[in-house]
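> Below are the structure tokens for one structure; questions will follow.
The values are calculated or read from the model by the stated rules, or taken from the named source; none is laboratory data. This is a predicted model, so every value here is computed, not measured. A quick note on method: Cβ atoms are made from the backbone with ideal geometry, for glycine too, and the neighbour counts reach across all protein chains shown. Side chains included, ligands, DNA and RNA excluded: accessible areas come from the protein's heavy atoms. Shrake-Rupley method; radii C 1.70, N 1.55, O 1.52, S 1.80 Å.
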Amino acid sequence: QVQLVESGGGLVQAGGSLRLSCAASGRIFSINNMGWYCQAPGKQRELVAEITRGGIINYADSVKGRFAISRDNTKNTVYLQMNRLKPEDTGVYYCKAEHIVVGSYWGQGTQVTVSS
């Protein structure tokens, strides 16, 4: 089992910044990719950014140049620095961890609201 605990969401004005954190515990030694997904109201959950254990990163086109994902393997934590936030970034942000045997684990989600 892997447990994921997210933090850092909140309400921010457009143009502002937030930093999300996701701490993993449990059977973390077999986790490869970790990432962040966003589910906006009335929409499907979509990839925002992901990072492999080795540091290879992939971003959604909509956040390139504004968001930065990073990972501290010593703390089993993945971060999402969100800058120049837009109202369309509003949604519930979920952390995801890919276990090489079991598959995907998800966090409980953290709300990000960007006001115009």
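> In debye to the nearest 20, how big a dipole does segment 1-59 give about its Cα centre with +1 on each Lys and Arg Cβ and -1 on each Asp and Glu Cβ?
Numbers: 5 positive and 3 negative charges, 15 e Å.
For segment 1-59, the charge dipole is close to 80 debye.
> Could you sort the peptides 52-64, 34-46 by per-residue average Cβ neighbour count (10 Å cutoff), highest mean leading? It would help to have the intermediate numbers written out before the result.
Values: 52-64: 12.5, 34-46: 15.8.
Packing order, densest peptide first, comes out as 34-46, 52-64.
> Dipole of segment 25-116, Cα-centred, from +1 at each Lys and Arg C-beta and -1 at each Asp and Glu C-beta, to the nearest 20 debye? Each step should come with its number before you reach the end.
Values: 11 positive and 7 negative charges, 24 e Å.
Here the size comes out at about 120 debye.
> Heavy atoms only, probe 1.4 angstrom, no DNA, RNA or ligands counted: give me Phe67, Phe29 ranked by accessible area, highest first.
Values: Phe67 10, Phe29 150 Å².
Result, largest first: Phe29, Phe67.
> Per residue, how large is the accessible surface of the chain? Use a 1.4 angstrom probe and give square angstrom. Intermediate results must be reported in sequence, preceding the final value.
Values: 6120 Å² over 116 residues.
Heavy-atom accessible area per residue stands at 53 Å².
> Can you spot the aspartates and glutamates whose alpha carbon is less than 13 Å from Lys64's alpha carbon? Ignore those fewer than 8 places along the same chain.
Output for Lys64: Glu50, Asp89.
> While we're on this one: Measure off, as a whole percent, the carbon and sulfur share of the 1.4 Å-probe accessible area of segment 37-116, all protein chains present. Before the final figure, lay out each step's value.
Values: 2130 of 4340 Å².
About 49 percent, which is the carbon plus sulfur part of the accessible surface.
> Express in nm, to one decimal, how much length is gained between Leu47 and Ser21 on full extension, taking 0.36 nm for each residue of separation and deducting their alpha carbon distance. Walk me through the intermediate numbers first.
Values: separation 26, 0.36 × 26 = 9.36 nm, distance 1.60 nm.
7.8 nm is the gain from fully extending Leu47 to Ser21.
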